Amino acid sequence: MAIVGYMGSGKTTVGRLLARDTGRDFVDLDEEISRRDGRTIPEIFAAGGEDLFRDLEHAALLDALAREEGCVVSCGGGAVLRPENRDALRDARTVFLREDIDVLYARTRGPNRPLRGDSSEGFARRYAERLPLYREVAEVEVHAEGRPPNAVVEEVERCLSRR
């Protein structure tokens, strides 16, 4: 199972709770990339740019989705950019965790977000470009609406149980 959405949408928080509730392992793709590479995400971007990061992300995503025991994978906000990632995500149970753009922008102002955008306009433009890609891969779309993570998890579980 995978969770996609823009940066700051709560993928990691919701993913951890969903994994706990379903008895699955949890994989945060960014953490997995850093663990494998031995560098932080900002260090990877500084050393090799977005292309290197996306290569590492692709390999980690395929490995996580291929785990026999199943897990909940929190994907980075740009994981949907590569067509081969979208193919893999369409073959998995994928949830698009959606949040309002103003909430996302406020949540992502820290320096550990290399693609957060320099302005609210750039941030919103990147979100608009990715929105159809999130929807393309998702079996379920859940709008978080600033709700507590447990409430979002309950909705995700309800939506998935109906399918």
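Here, each number is a calculation from the coordinates, and none is a lab measurement. If you're wondering where the values come from, they're calculated on a predicted model, not measured in any experiment. Please note: Cβ atoms are built from the backbone with ideal geometry, for glycine as well, and neighbour counts cover all protein chains shown.
General observations
- Cβ-defined net charge surrounding ARG90, 13 Å radius [Lys, Arg +1; Asp, Glu -1]: -1
- Taking each DSSP H run with n ≥ 4 as -39500 (n - 2.57) and averaging over every residue of the chain yields -18000 deg cm²/dmol at 222 nm.
- Net charge over other residues, Cβ less than 10 angstrom from the Cβ of TYR134 (K, R count +1; D, E count -1): +2
- Note on the chain: Rg/Rh from Cα positions, Kirkwood definition for Rh, rounded to two decimals, is 0.94.
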